[in-house]
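Remarks on the structure that follows.
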Amino acid sequence: MSNDTVKAVVDAYLQREDPGYALLIDAPWGAGKTHFIKRFINHETNDPLYVTLYDVQTAEAFEWALVRAALPKEDARGTFSRLLESLGNLKVGDGNVNLGKLGSVGMTLWTEHRLANLPNTLIFDDIERCGLSQKQLSGLINRFVEHQGKRVILLANSDKHSDKESFDTGREKLIGQTVTLKADLNAALAAVWAKIPDGQGKTVLQDRQNLIKETFDEAKHQNLRLTLRAVRDCAVMLDALTEEMLGFEEAVERLIRTHLALHMAYHGGEIGKEDLVSRNKSYDKLPRPKTDETKAENTASQTSVPPIIWPIVERHPGADIHLRVRQGSLGIISVELGCSLFFDGYASTELTLRELRETHLFTPPAQRPDWVRLWHWDEESVHDLKSLLDRIEDSINNHTLVEPGEILQVYAVLNRFGEYSERFPEKENTRRFCAYINALIEKDLIRKRSPQGGDHGKYGFSLETGTISYGGYGFEPDLRARILAKKLRGAMDAAYERDLPQIGRDLVNDLRDDPAQFQACFDYQTKGLNFSEAPILQACDVQAFASALLEWYEKDKGVAQNIAKVIGKRSAGIRQELALEHPWIENLKSEFITQAAAKDRLLAAQVKLFIKRYMKPD
């Protein structure tokens, strides 16, 4: 049944006087039942009353839902005052009687007065989410149909009825006709464009309404609310893209498909945060669900995925739901960006651009890094591929391939390349890269790791969730690759440890010459060198530190207070990740007092009070 037919049926029903039956409009949640009926009915002519029965549990609550819906609508905030006014001015016989003073009796009379003056058209929504039994609800509604001759339209999602069997068996006693409303995405989009601020995101989506419809049809939920919310949020994300990025048509469409599919799945309750986080996991121990298309396949060699996310992968083949679906690439929406967009509900422009650029899908092929082009070696011309391999070879011979993540990516691609060419046998390739990493370590060319963060934050590449990933690309490592990755990590850790004394000296110099810079190193929002969650004070010379702090105490107590607060917060017992600093902090307090006492005993007393006030854990 088309929606035009539904309109015709509803229109014919509204023309009838005392139809003697209720009309049911049946549709999935979010398909637009409420919007359809409110937009379709001529309120001035039919004067309908819309009543939601959501979570109505008793007959009294049913009546109050009717009364509340029948209250004047001109001032929603004045419901209670209007109620008192109605109770005070209700006419009984020839005079006014203040029923508000009659307590429950007055309230009952007033309710009955309201119920006796309901309009001729009643619309009851959320039938399937009403807490009354189907028999009781039918009886309450039937009095309006059978005894008062009113037109009654019921809105429901019968498939989701809490007692579907009773609803189906008892509907003939009340419902004389049922029509099924289909989600009208075109009409819904036409309405939602007016609510989306003008911008490039809105324009991009308006130009791709067929893509939106295709993704909506693939989802199969028919929920317009979910879809329109996804469209609105997708427009916000697209507003962050640069004009140059919007020129990559294929990448933009892939981004839109993935965003809409994941947004609807998450906000529809089909997946949760854990599923967003585990999108790049390997699930070798879980069997892949078999469909008619896959029953004949040998699935033992295929990467299996968690049952929760697999149906979404199947429904949306053009989207990157599971981040292991394309050669090397970890998908267009990374785990971090996905959690920000869907779980947090917000992703900064900086994060969006950074994560999308890391996919290299918004970079011309010729301008992509050689290691990325190597992943797509089959797309290169033979001439370009030879040049590419020669450049990779030169970078190894000249020890210029030094970024650990890139080293691992090149190693992995050459291993795969070796499956098709005798030029890179796997065992020989592994021995060569192991020797290469040893040479970089010997030449001190391995950079130090960052102070804090997860795998990716510290080392630039991740070894979590069964995947080695870097720069938006990843692969499942075998034992040899894991050994190489751990070797690189060990070298980066060693470089960091060797650098700690110099870092400590730099911090003391910053404390003496630029205290704002010193404090910035301990603020979690600071980019670059950041020790907000990493121990580092133990690397500072405690005497030099105390001397610099004492200078600020005598010169500018405000600066000294700020420094003391930074240190005090790091001494809290719950900050176990900073446990290495805690003995050092106690030594600093003693040294601070000792140096003050060497100048003056009264100064030492003031410093003791200062420490008690400001250098304390929060």
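Quick check on my filter: what residues within the stretch 554-582 are of a type outside the set (Val, Ile, Thr) and not in a helix (DSSP H, G or I)?
Let us first name the residues in the stretch 554-582 that are of a type outside the set (Val, Ile, Thr), namely 554-558, 560-562, 564-565, 568-573, 575-582.
Scanning the stretch 554-582 gives Asp556, Ser571, Ala572, Gly573, Arg575.
Counting only residues that are in a helix (DSSP H, G or I) and open to solvent by less than 90 Å² (accessible area, probe 1.4 Å), which one in the stretch 179-193 is farthest from Thr34 (Cα to Cα)?
Within the stretch 179-193, the first condition is being in a helix (DSSP H, G or I), and the residues that meet it are 185-193.
Subsequent filtering for residues that are open to solvent by less than 90 Å² (accessible area, probe 1.4 Å) retains 185, 187-193.
Numbers: Leu185: 15, Ala187: 14, Ala188: 12, Leu189: 16, Ala190: 17, Ala191: 14, Val192: 16, Trp193: 19 Å.
Filtering first and then ranking leaves Trp193.
Any idea which of Lys486, Lys386, Lys448 is over 22 Å from Gly328 (Cβ atoms) and of a type in the set (D, E, K, R)?
Details: Lys486 fails: over 22 Å from Gly328 (Cβ atoms); Lys386 fails: over 22 Å from Gly328 (Cβ atoms).
Lys448 is the lone residue from the list that is over 22 Å from Gly328 (Cβ atoms) and of a type in the set (D, E, K, R).
Given the criteria assigned to a loop (DSSP other than H, G, I, E, B), farther than 30 Å from Phe610 by Cα and either open to solvent by less than 50 Å² (accessible area, probe 1.4 Å) or among the hydroxyl-bearing types (Ser, Thr, Tyr) (or both), does Pro477 qualify? Outline the logic, then answer.
On the way: assigned to a loop (DSSP other than H, G, I, E, B): yes; farther than 30 Å from Phe610 by Cα: yes; either open to solvent by less than 50 Å² (accessible area, probe 1.4 Å) or among the hydroxyl-bearing types (Ser, Thr, Tyr) (or both): yes.
It is true that Pro477 is assigned to a loop (DSSP other than H, G, I, E, B), farther than 30 Å from Phe610 by Cα and either open to solvent by less than 50 Å² (accessible area, probe 1.4 Å) or among the hydroxyl-bearing types (Ser, Thr, Tyr) (or both).
Please determine whether any residue of the stretch 364-373 is of a type in the set (Val, Ile, Thr), more than 30 Å from Asp233 (Cβ to Cβ) and open to solvent by less than 20 Å² (accessible area, probe 1.4 Å). Before the answer, list the steps.
So the first thing to find is which residues in the stretch 364-373 are of a type in the set (Val, Ile, Thr), and the list is 372.
Filter once more, so that each one left must be more than 30 Å from Asp233 (Cβ to Cβ): none.
No, every residue in the stretch 364-373 fails to be of a type in the set (Val, Ile, Thr), more than 30 Å from Asp233 (Cβ to Cβ) and open to solvent by less than 20 Å² (accessible area, probe 1.4 Å).
Looking at this structure, is Leu260 surrounded by 18 or more Cβ atoms within 10 Å (Cβ to Cβ), touching a residue at least 12 places away in the same chain (Cβ under 8 Å), part of a helix (DSSP H, G or I) and of a type in the set (A, V, I, L, M, F, W, C)? Working first, answer last.
Values: surrounded by 18 or more Cβ atoms within 10 Å (Cβ to Cβ): yes; touching a residue at least 12 places away in the same chain (Cβ under 8 Å): yes; part of a helix (DSSP H, G or I): yes; of a type in the set (A, V, I, L, M, F, W, C): yes.
The answer is yes for Leu260.
Only one of (1) over 30 Å from Leu14 (Cα atoms); (2) outside any helix (DSSP H, G or I); (3) over 19 Å from the mean Cα position of the chain (by Cα) fails for Ile271. Which number is that?
(3)
Would you point out the residue of the stretch 563-589, among those that are of a type in the set (S, T, N, Q) and at pLDDT below 95, that is least open to solvent (accessible area, probe 1.4 Å)? Before the answer, list the steps.
Taking the stretch 563-589 and keeping what is of a type in the set (S, T, N, Q), we get 571, 576, 587.
Then drop every residue that is not at pLDDT below 95, which leaves 571, 576.
On the way: Ser571: 25, Gln576: 121 Å².
Only one residue tops the list, namely Ser571.
Sort through Gln502, Gln452 and tell me the only one that's in contact (Cβ under 8 Å) with a residue 60 or more places away in the chain, within 30 Å of Ala544 (Cα to Cα), surrounded by fewer than 18 Cβ atoms within 10 Å (Cβ to Cβ) and not charged (D, E, K, R).
Working: Gln502 fails: in contact (Cβ under 8 Å) with a residue 60 or more places away in the chain.
On inspection, the qualifying residue turns out to be Gln452.
Can you find even one residue in the stretch 519-539 that is aliphatic (A, V, I, L, M), modelled with pLDDT of 95 or more and more than 26 Å from Lys458 (Cβ to Cβ)?
no
List the residue pairs whose Cβ atoms are under 8 Å apart, where the first residue sits in the stretch 337-355 and is on the phi < 0 side of the Ramachandran plot, the second is of a type in the set (Val, Ile, Thr) and not in a helix (DSSP H, G or I), and the two are 6 or more positions apart or on different chains.
Leu341/Ile333; Leu353/Thr242; Glu355/Ile333
Could you look through the stretch 129-178, keep only residues that are basic (Lys, Arg) and part of a helix (DSSP H, G or I), and pick out the one that is farthest from Asp47 (Cα to Cα)? Walk me through how you get there before you give the answer.
So in the stretch 129-178, the residues basic (Lys, Arg) come out as 129, 135, 143, 150-151, 160, 164, 171, 173.
Applying the additional criterion that residues be part of a helix (DSSP H, G or I) yields 129, 135, 143, 160, 164, 171, 173.
Numbers: Arg129: 25, Lys135: 28, Arg143: 19, Lys160: 30, Lys164: 31, Arg171: 26, Lys173: 26 Å.
Among those that are basic (Lys, Arg) and part of a helix (DSSP H, G or I), it is Lys164.
Identify, from the list Tyr13, Tyr21, the residue that is open to solvent by less than 30 Å² (accessible area, probe 1.4 Å), among the aromatic types (Phe, Trp, Tyr) and closer than 25 Å to Leu140 by Cα.
When all the criteria are applied, what remains is Tyr13.
What number goes with the only condition from (1) open to solvent by less than 60 Å² (accessible area, probe 1.4 Å); (2) hydrophobic (A, V, I, L, M, F, W, C); (3) more than 47 Å from the chain's Cα centre (by Cα) that Leu537 does not pass?
So the condition that Leu537 fails would be (3).
Being more than 22 Å from Thr34 (Cβ to Cβ) and open to solvent by less than 50 Å² (accessible area, probe 1.4 Å) is the filter here, so list the residues in the stretch 125-170 that pass it.
Answer for the stretch 125-170, where residues must be more than 22 Å from Thr34 (Cβ to Cβ) and open to solvent by less than 50 Å² (accessible area, probe 1.4 Å): Gly139, Asn142, Gly149, Ser166, Gly170.
Within the stretch 427-439, identify whether any single residue is in a loop (DSSP other than H, G, I, E, B) and open to solvent by 40 Å² or more (accessible area, probe 1.4 Å), and answer yes or no. Break it down into steps so the answer makes sense when it comes.
Here is the first cut: in the stretch 427-439, the ones in a loop (DSSP other than H, G, I, E, B) are none.
Looking for residues that are in a loop (DSSP other than H, G, I, E, B) and open to solvent by 40 Å² or more (accessible area, probe 1.4 Å), one finds none in the stretch 427-439, hence no.
Search the stretch 506-534 for residues being over 39 Å from the mean Cα position of the chain (by Cα) and touching a residue at least 12 places away in the same chain (Cβ under 8 Å), and hand back the single one that is surrounded by the most Cβ atoms within 10 Å (Cβ to Cβ).
Leu511
Looking at the stretch 32-87, what helices (runs of 4 or more DSSP H) fall wholly within it and have at least 3 residues that are modelled with pLDDT under 70 and either open to solvent by less than 60 Å² (accessible area, probe 1.4 Å) or out of contact with any His (no Cβ under 8 Å at 6 or more places or on another chain) (or both)?
Details: elements: 33-40, 43-46, 59-70.
Hits in the stretch 32-87: 43-46.
Tell me, which residue of the stretch 197-218 that is of a type in the set (A, V, I, L, M) and open to solvent by 10 Å² or more (accessible area, probe 1.4 Å) is nearest to Met264 (Cα to Cα)? Spell out the reasoning first.
Here is the first cut: in the stretch 197-218, the ones of a type in the set (A, V, I, L, M) are 204-205, 211-212.
Still in the running and open to solvent by 10 Å² or more (accessible area, probe 1.4 Å): 204, 211.
Details: Val204: 19, Leu211: 15 Å.
Going through the qualifying residues, I end up with Leu211.
In the stretch 395-411, what residues are open to solvent by less than 10 Å² (accessible area, probe 1.4 Å) and closer than 12 Å to Phe433 by Cα? Spell out how you get there, then give the answer.
Applying the first criterion (open to solvent by less than 10 Å² (accessible area, probe 1.4 Å)) to the stretch 395-411 yields 404-405, 407-411.
Listed by number, the residues that qualify are Pro404, Ile407, Leu408, Gln409, Val410, Tyr411.
Is it the case that His221 is assigned to a loop (DSSP other than H, G, I, E, B), in contact (Cβ under 8 Å) with a residue 12 or more places away in the chain and within 24 Å of the chain's Cα centre (by Cα)?
yes
I want to confirm something. Restricting to the stretch 317-330 and keeping residues that are at pLDDT below 90 and in contact with a His (Cβ under 9 Å, 6 or more places away or on another chain), which single residue is most open to solvent (accessible area, probe 1.4 Å)? Step through it out loud before you land on a result.
Within the stretch 317-330, the subset at pLDDT below 90 is 322-330.
Going one step further and asking which of them are in contact with a His (Cβ under 9 Å, 6 or more places away or on another chain), we end up with 327-329.
Numbers: Gln327: 82, Gly328: 5, Ser329: 9 Å².
Filtering first and then ranking leaves Gln327.
The values are calculated or read from the model by the stated rules, or taken from the named source; none is laboratory data. Computed from a predicted structure; not experimentally measured. All Cβ positions, even for glycine, are placed from backbone atoms using ideal geometry, and neighbour counts span all protein chains on display. SASA here: full protein model, heavy atoms, side chains in, ligands and nucleic acids out. Shrake-Rupley method; radii C 1.70, N 1.55, O 1.52, S 1.80 Å.
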